[in-house]
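Below is one structure, written out as structure tokens; the observations come after it.
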Amino acid sequence: MNKIFLKSDFVIGLLLVVSFLIKIFSYQDKPFGWDESVYLAMGKYLYSGGEVGYLESFRPIVWPLILGLLWKLHLDVVFIGMTLQVIFGLGTVYLVYLLGSKVFNQTVGALAAALFIFSPAYHFFNNALLTDIPAAFLALCALTAVFHKKYFLSGLIAMLAFLTKFT
């Protein structure tokens, strides 16, 4: 293994740890907003056959399907949903680094990931059960698949990204 590879692993590992620590220390136990409540209610509605919950037909469907599945399995929807947000957020940081490194170089990839980590929008959307972070993760996955010349897979993932946040 060469030194550049080890150096890039260290940098992205450090960025992911910093992102995770910022997420942990900035966590706020706050009441849900309307959008978060609707996504939870939509998940319940979809898995209960319309007996429980609420449906807004203009909202994207993937995130409510995930949250509703957690509800249907009698799991803690809020805790696991927030954990999924953290995982998607860390994956997004990694993909920003990976794409920046592939398109330009490792320094640009690390700088892009660092700027992304410290952006207020990242922390706002990563601290709520909203569709923005999962959709960004899926869109970046689709771009990564394009760079690996896996066009069909890229199209499928882009479709999921669209269905996660099309409004």
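Any residue in segment 156-167 that is open to solvent by less than 40 Å² (accessible area, probe 1.4 Å) sitting within a Cβ distance under 8 Å of a residue that is outside any helix (DSSP H, G or I)? List the pairs, counting only those 6 or more apart or interchain.
THR164/PRO60; THR164/THR131
Of the conditions (1) open to solvent by 90 Å² or more (accessible area, probe 1.4 Å); (2) modelled with pLDDT of 90 or more, PRO31 fails just one. Which one is it?
The number of the failed condition is (2).
In segment 53-167, which helices (runs of 4 or more DSSP H) lie fully inside it and hold 2 or more residues that are among the aromatic types (Phe, Trp, Tyr) and over 13 Å from the mean Cα position of the chain (by Cα)?
Fully inside segment 53-167 and qualifying: 77-103, 151-164.
Select, from PHE79, PHE118, the only residue that is more than 23 Å from VAL11 (Cα to Cα) and of a type outside the set (A, V, I, L, M).
Selected residue: PHE79, the only one of PHE79, PHE118 that is more than 23 Å from VAL11 (Cα to Cα) and of a type outside the set (A, V, I, L, M).
Take the residues of segment 81-102 that are open to solvent by 20 Å² or more (accessible area, probe 1.4 Å) and free of Cβ contacts under 8 Å to residues at least 40 places away in the same chain: which is farthest from ALA158 (Cα to Cα)?
THR83
Name the residue that is modelled with the highest pLDDT, counting only residues in segment 121-132 that are within 17 Å of LEU15 (Cα to Cα) and open to solvent by less than 20 Å² (accessible area, probe 1.4 Å).
My answer is TYR122.
So, of the residues in segment 47-65 that are without any contact (Cβ under 8 Å) to a residue 40 or more places away in the chain and either among the acidic types (Asp, Glu) or closer than 17 Å to LYS165 by Cβ (or both), which turns out to be most open to solvent (accessible area, probe 1.4 Å)?
GLU51
The values are calculated or read from the model by the stated rules, or taken from the named source; none is laboratory data. None of these values were measured; they are calculated from a predicted model. Neighbour counts run over all protein chains shown; Cβ positions are idealised from the backbone, glycine included. Surface accessibility is based on the protein's heavy atoms, side chains included, excluding ligands, DNA and RNA. Shrake-Rupley method; radii C 1.70, N 1.55, O 1.52, S 1.80 Å.
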